[in-house]
Amino acid sequence: MRTALLQSSGHPGSVVENLKVLDEAAGRAAAAGAALLAAPEMFLTGYAIGADIGRLAQPADGGWADAVAAISSRHGLAIVYGYPERAGERVFNSAQLVAADGARLANHRKTHLFGGFEREHFTPGDQPVVQAELNGLTVGLLICYEVEFPENVRAHALAGTDLLVVPTALMHPFQFVAESLLPTRAFESQMYVAYANRVGPEGEFEFVGLSTLAGPDGVARTRAGRGEQLVVADADPDFLAASRAANPYLSDRRPGLYGSLV
């Protein structure tokens with residue numbers, strides 16, 4: 001499945017403008033043959049927008065979901081996007097997967113919050129594995145910091161995730177996560193990992209770009225630079241099956257030995 005990664009910070013604070021950016025990127029991704037477009041963490045609103053996070057947050061089935069569904073339907077591709085999700089008095093850092101026909105397939109609430117900024121503005125989610133079937137692949141969702149915990153990725157692997165999509169807001173000086181950790185996660189858990197990052201300065205943060213799609217052989221199929229960019233690569237189910245046969249980490253596990261880990 002051809003997958004496009006939108007590397008952009010959009011227009012922090014302006015959902016209207018960010019939907020325009022997403023629409024334009026979806027058109028380019030579809031023209032490149034992509035069936036899935038992944039946008040960064042908190043893409044619809046911006047990440048470093050302080051109290052506006054709570055003010056702008058919407059339910060998973062709110063007007064933003066309808067707007068993204070219209071973009072997906074217009075261009076004929078699925079979209080994963082990050083946004084602040086309101087559920088009553090709580091606000092979650094969420095990522096939603098919308099199908100090419102506009103149907104909402106999956107919504108994930110970030111379980112592992114990074115730093116004081118996120119803990120101030122968000123409630124942590126409590127569902128570690130969220131998946132949906134898309135074009136013959138099992139697509140899973142994580143958000144940024146979560147992929148840095150091997151337990152989270154392995155839980156997805158054991159649940160059958162083939163392509164793990166990770167909207168992210170990776171900042172300086174942690175660029176090694178995109179450069180080294182992502183390919184390692186893909187190899188050790190035998191899956192594709194698509195990592196779509198923000199880029200450039202925003203508030204107190206400097207986002208480093210380097211959006212990556214890594215394969216189960218630990219090789220990056222594509223990696224963006226440090227600017228606004230759309231990159232495209234394939235997640236090949238036949239290659240994935242061959243890689244899992246050649247690298248049987250999952251079947252060679254001995255769970256009875258691992259009790260001390262929890």
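State yes or no: is residue 57 of a type in the set (Gly, Ala, Ser) and within 23 Å of residue 126 (Cα to Cα)? Please lay out each step first, then the result.
Values: of a type in the set (Gly, Ala, Ser): yes; within 23 Å of residue 126 (Cα to Cα): yes.
Criteria met by residue 57.
The set of residues from segment 152-163 being of a type outside the set (S, T, N, Q) and in contact (Cβ under 8 Å) with a residue 40 or more places away in the chain comprises 153, 157, 158, 162, 163. Tallying residues that are open to solvent by 10 Å² or more (accessible area, probe 1.4 Å) and within 21 Å of residue 70 (Cβ to Cβ) within segment 1-32 yields 16.
Out of contact with any strand residue (DSSP E or B) (no Cβ under 6 Å at 6 or more places or on another chain), under 26 Å from residue 103 (Cβ atoms), open to solvent by 10 Å² or more (accessible area, probe 1.4 Å) and not aromatic (Phe, Trp, Tyr): does that describe residue 136?
Working: out of contact with any strand residue (DSSP E or B) (no Cβ under 6 Å at 6 or more places or on another chain): yes; under 26 Å from residue 103 (Cβ atoms): yes; open to solvent by 10 Å² or more (accessible area, probe 1.4 Å): yes; not aromatic (Phe, Trp, Tyr): yes.
So residue 136 fits the description; yes.
A single entry from 29, 69, 34 fulfils the requirement of being free of Cβ contacts under 8 Å to residues at least 60 places away in the same chain, in contact with a strand residue (DSSP E or B) (Cβ under 9 Å, 6 or more places away or on another chain) and outside any strand (DSSP E or B): 69. Residue 42 meets each of the listed conditions (1) open to solvent by less than 10 Å² (accessible area, probe 1.4 Å); (2) on the phi < 0 side of the Ramachandran plot apart from (2).
Scanning segment 182-200 for residues that are hydrophobic (A, V, I, L, M, F, W, C) and within 19 Å of residue 80 (Cβ to Cβ) turns up 182, 186, 191, 193, 194, 196, 199. Which residues, taken from segment 1-26, are without any contact (Cβ under 8 Å) to a residue 24 or more places away in the chain and among the charged types (D, E, K, R)? Result: 17, 20, 24. Scanning segment 173-203 for residues that are free of Cβ contacts under 8 Å to residues at least 40 places away in the same chain and open to solvent by less than 10 Å² (accessible area, probe 1.4 Å), we see that the one that is farthest from residue 225 (Cα to Cα) is 186.
Would you mind stating whether residue 230 is in a strand (DSSP E or B), open to solvent by 10 Å² or more (accessible area, probe 1.4 Å), under 24 Å from residue 8 (Cα atoms) and aliphatic (A, V, I, L, M)?
Numbers: in a strand (DSSP E or B): yes; open to solvent by 10 Å² or more (accessible area, probe 1.4 Å): yes; under 24 Å from residue 8 (Cα atoms): yes; aliphatic (A, V, I, L, M): yes.
So residue 230 fits the description; yes.
So which of 59, 128 is open to solvent by 30 Å² or more (accessible area, probe 1.4 Å) and touching a helix residue (DSSP H, G or I) at 6+ places or on another chain (Cβ under 6 Å)?
After ruling out the rest, the residue left standing is 128.
Taken over segment 150-172, residues that are closer than 25 Å to residue 87 by Cβ and either within 15 Å of the chain's Cα centre (by Cα) or crowded, with 21+ Cβ neighbours inside 10 Å (or both) amount to 9.
Condition first: open to solvent by 10 Å² or more (accessible area, probe 1.4 Å) and touching a Pro at 6+ places or on another chain (Cβ under 9 Å). Can you find one or more residues in segment 208-218 that meet it? Let's see the steps before the verdict.
Initial filter on segment 208-218 (open to solvent by 10 Å² or more (accessible area, probe 1.4 Å)): 210, 217-218.
Still in the running and touching a Pro at 6+ places or on another chain (Cβ under 9 Å): 217-218.
Looking for residues that are open to solvent by 10 Å² or more (accessible area, probe 1.4 Å) and touching a Pro at 6+ places or on another chain (Cβ under 9 Å), one finds at least one in segment 208-218, hence yes.
Remark: residue 147 matches the filter, which requires a residue to be within 24 Å of residue 83 (Cβ to Cβ) and assigned to a helix (DSSP H, G or I).
Residues of segment 233-250 that are open to solvent by 50 Å² or more (accessible area, probe 1.4 Å), assigned to a loop (DSSP other than H, G, I, E, B) and within 17 Å of residue 37 (Cα to Cα): 236 alone.
The values are calculated or read from the model by the stated rules, or taken from the named source; none is laboratory data. All values derive from a computational prediction rather than experimental measurement. Positions of Cβ are generated from backbone atoms using ideal geometry, with glycine treated the same way; all protein chains shown enter the neighbour counts. Keep in mind that these areas ignore ligands, DNA and RNA; they rest on the heavy atoms of the full protein, side chains included. Shrake-Rupley method; radii C 1.70, N 1.55, O 1.52, S 1.80 Å.
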